[in-house]
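The values are calculated or read from the model by the stated rules, or taken from the named source; none is laboratory data. Just so it is clear, the model here is predicted, and its values are computed rather than measured. Heads up, the Cβs are rebuilt from the backbone with ideal geometry, glycines too, and the neighbour counts pull from every protein chain shown.
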Amino acid sequence: MNSLINKPYKQIWSTLFVILFFSILGYNRTVDIQQHDTYFVFSLGHLGMVLSILLFLIGGIYWLTKKEDLVSWMTKGHVRLTIFLASALIFFGFSFKFISEFDHRFFQNFSTIFILTLFLFMLVQILLIINLMISFLKK
């Protein structure tokens, strides 16, 4: 548990490789999101690459600030939620092929859950920014 507070970049970078591996496995799979009259279609591989780049940058920020005194509960919460939500996005991406075979309403609900997960992933990154600001203002 101390590793999560002292070296959060290790967990983030470990997750990066797992997500990259699964996104390469499903590179030719597509994720189809329908919201009202708009369809968003993209490759699971591209989603994995974008998530991997974001995780690399987040891990890099934690690595650059490893000497800073970050708020421990914010660091734990941010790392856990980031890893969980990134993994959930890849899992949902794999599930879209099977979900699209069900009825249309179920597919729309699943698309909404995917969008909410993506929104939560972006929202959780605010914890990192707040944590960094608190750390730098304490000095």
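Do the conditions hold for V124, that is, is it closer than 24 Å to K7 by Cβ and modelled with pLDDT of 95 or more?
Criteria met by V124.
Just wondering, is there one or more residues in the range 57-69 that are crowded, with 16+ Cβ neighbours inside 10 Å and in a loop (DSSP other than H, G, I, E, B)?
Among the residues of the range 57-69, at least one is crowded, with 16+ Cβ neighbours inside 10 Å and in a loop (DSSP other than H, G, I, E, B), which makes the answer yes.
Is at least one residue of the range 82-102 part of a loop (DSSP other than H, G, I, E, B) and of a type in the set (V, I, T)?
Within the range 82-102 (the criterion being part of a loop (DSSP other than H, G, I, E, B) and of a type in the set (V, I, T)), the answer is no, since none of the residues qualifies.
Based on what the data block shows, is F96 surrounded by 17 or more Cβ atoms within 10 Å (Cβ to Cβ), in contact with a helix residue (DSSP H, G or I) (Cβ under 7 Å, 6 or more places away or on another chain) and among the aromatic types (F, W, Y)?
No.
Any residue at all in the range 26-36 that's touching a helix residue (DSSP H, G or I) at 6+ places or on another chain (Cβ under 6 Å), part of a helix (DSSP H, G or I) and surrounded by fewer than 16 Cβ atoms within 10 Å (Cβ to Cβ)?
There is no residue in the range 26-36 that is touching a helix residue (DSSP H, G or I) at 6+ places or on another chain (Cβ under 6 Å), part of a helix (DSSP H, G or I) and surrounded by fewer than 16 Cβ atoms within 10 Å (Cβ to Cβ).
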